[in-house]
Amino acid sequence: MLNLVLFGPPGSGKGTQSEKLIAHYGFKHLSTGDLLRSEISRQTPLGIEAKSFMDKGQLVPDEVVIGMISSALDNNPNAKGFLFDGFPRTEAQAEALDKLLRLKQAEINLVLSLIVKEEELVKRLLNRGKSSGRSDDTNEGVVRARIAEYHKKTAAVADYYRKFGKVKEVNGEGSVETIFNSLCAEIEKIIYIGQ
Ligand code: B4P
């Protein structure tokens, strides 16, 4: 079982690249952003609570997203590997994920960290906001708050995995195809080592 984290600031291309990686490798895709937006569209109590944080550009509380991921892991007992997209976003989430995977005799094998400059992130997200209908993409103040939240709480997650030598940085600027090829090259290295 190969488990990957696709890591990076908001707008770095995690969602975009995840789609291509799951199509290519057959991982089970777990995006906390998608799971939360699904709860919001169904107007569940969890979704209503999450929306109040997301609309301000803040992270949703750890216990909410950890609970969601725990259920998603239990609901996919036969997955041959997971691609975590947008999770973990805090050190507490990273520790919780390690514990959940350990129960399944599994671990995170690789963290792919997309590197993109801040002005490019803002440009991409506001651009997506014109057509996506995502309320957190339309207001520049909220977009910048999300990036600030990333620096305050999420960047440290890479340091957590760095201690275990699991992080590979990949340039997240350029064409979607070029970035995809760079990500695949890193994945192939560990698939090869694992054989
Ligand atoms: P997410 O849904 O995870 O999304 P994101 O960080 O905004 O974007 P992503 O990096 O996936 O960007 P994408 O590929 O789409 O989070 C949304 C919110 O949910 C968070 O702010 C938070 O409130 C909450 N949340 C989620 N997970 C949480 C957790 N674990 N804990 C607490 N809260 C959580 O790309 C963005 C745009 O760039 C797209 O329009 C795309 O077309 C474009 N793009 C992509 N690659 C490009 C390239 N190479 N060149 C040009 N444009 C590109």
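The values are calculated or read from the model by the stated rules, or taken from the named source; none is laboratory data. What you see is a predicted model, and the numbers here were worked out from it, not measured in a lab. No Cβ is skipped: glycine too gets one built from the backbone with ideal geometry, and neighbour counts run over all protein chains shown. Protein only, heavy atoms only, side chains kept; ligands, DNA and RNA dropped before computing areas. Shrake-Rupley method; radii C 1.70, N 1.55, O 1.52, S 1.80 Å.
Note on the range 39-61: residues that are under 14 Å from the mean Cα position of the chain (by Cα) and either part of a helix (DSSP H, G or I) or not β-branched (Val, Ile, Thr) (or both) total 1. Checked against (1) over 17 Å from PRO10 (Cβ atoms); (2) within 12 Å of the ligand (Cβ to nearest atom); (3) open to solvent by 80 Å² or more (accessible area, probe 1.4 Å), GLY174 passes all but condition (3). Selection of helices (runs of 4 or more DSSP H) fully inside the range 126-195 by the criterion of at least 3 residues being within 21 Å of HIS24 (Cα to Cα) and in contact with a Gly (Cβ under 9 Å, 6 or more places away or on another chain) returns 176-194.
Within the range 54-72, which residues are more than 9 Å from the ligand (Cβ to nearest atom) and over 17 Å from LEU103 (Cβ atoms)?
Taking the range 54-72 and keeping what is more than 9 Å from the ligand (Cβ to nearest atom), we get 63, 67, 70-72.
If the condition is that a residue be more than 9 Å from the ligand (Cβ to nearest atom) and over 17 Å from LEU103 (Cβ atoms), then GLU63 is the only one that fits.
Here ILE108 clears all of (1) in a loop (DSSP other than H, G, I, E, B); (2) over 21 Å from VAL65 (Cβ atoms) except the condition numbered (2). Restricting attention to the range 2-30, the residues that are of a type in the set (S, T, N, Q) and closer than 16 Å to LEU125 by Cβ total 3. Quick one: would you say ILE66 is open to solvent by 10 Å² or more (accessible area, probe 1.4 Å) and touching a residue at least 12 places away in the same chain (Cβ under 8 Å)? Here the answer is yes, as ILE66 does meet what is asked.
For residues that are more than 10 Å from the ligand (Cβ to nearest atom) and surrounded by 13 or more Cβ atoms within 10 Å (Cβ to Cβ), scanning just the range 39-53, find the one that is farthest from MET68 (Cα to Cα). Within the range 39-53, the match that is farthest from MET68 (Cα to Cα) is GLU49.
Exactly one residue out of ALA23, ALA92 is open to solvent by 30 Å² or more (accessible area, probe 1.4 Å) and under 17 Å from TYR160 (Cβ atoms): that is ALA92. Checking the condition open to solvent by less than 30 Å² (accessible area, probe 1.4 Å), hydrophobic (A, V, I, L, M, F, W, C) and not in a helix (DSSP H, G or I), which residue from LEU30, LEU36 passes? Selected residue: LEU30, the only one of LEU30, LEU36 that is open to solvent by less than 30 Å² (accessible area, probe 1.4 Å), hydrophobic (A, V, I, L, M, F, W, C) and not in a helix (DSSP H, G or I).
Can you tell me how many residues in the range 40-63 are free of Cβ contacts under 8 Å to residues at least 24 places away in the same chain and under 30 Å from ALA106 (Cβ atoms)?
So the first thing to find is which residues in the range 40-63 are free of Cβ contacts under 8 Å to residues at least 24 places away in the same chain, and the list is 40-53, 61, 63.
Right, trim to under 30 Å from ALA106 (Cβ atoms) and you get 40, 42, 44, 46-47, 49-50, 53, 61, 63.
The qualifying residues number 10.
Could you grab me the full set of residues in the range 165-195 that are aromatic (Phe, Trp, Tyr) and either in contact with a strand residue (DSSP E or B) (Cβ under 6 Å, 6 or more places away or on another chain) or modelled with pLDDT of 95 or more (or both)?
First pass over the range 165-195, keeping only residues aromatic (Phe, Trp, Tyr): 180, 192.
Hit for the range 165-195 is PHE180, nothing else.
Can you confirm whether GLY141 is out of contact with any Phe, Trp or Tyr (no Cβ under 8 Å at 6 or more places or on another chain), farther than 14 Å from THR16 by Cβ and surrounded by fewer than 15 Cβ atoms within 10 Å (Cβ to Cβ)?
Values: out of contact with any Phe, Trp or Tyr (no Cβ under 8 Å at 6 or more places or on another chain): yes; farther than 14 Å from THR16 by Cβ: yes; surrounded by fewer than 15 Cβ atoms within 10 Å (Cβ to Cβ): yes.
So GLY141 fits the description; yes.
Checked against the criterion of being touching a Phe, Trp or Tyr at 6+ places or on another chain (Cβ under 9 Å), near the ligand (Cβ under 9 Å from one of its atoms) and under 20 Å from SER18 (Cα atoms), the candidates ARG128, ARG89, ARG124 yield just one match: ARG89.
Answer yes or no as to whether LEU112 is out of contact with any Leu (no Cβ under 6 Å at 6 or more places or on another chain) and touching a residue at least 12 places away in the same chain (Cβ under 8 Å).
Numbers: out of contact with any Leu (no Cβ under 6 Å at 6 or more places or on another chain): no; touching a residue at least 12 places away in the same chain (Cβ under 8 Å): yes.
Spelling it out, it is not the case that LEU112 is out of contact with any Leu (no Cβ under 6 Å at 6 or more places or on another chain) and touching a residue at least 12 places away in the same chain (Cβ under 8 Å).
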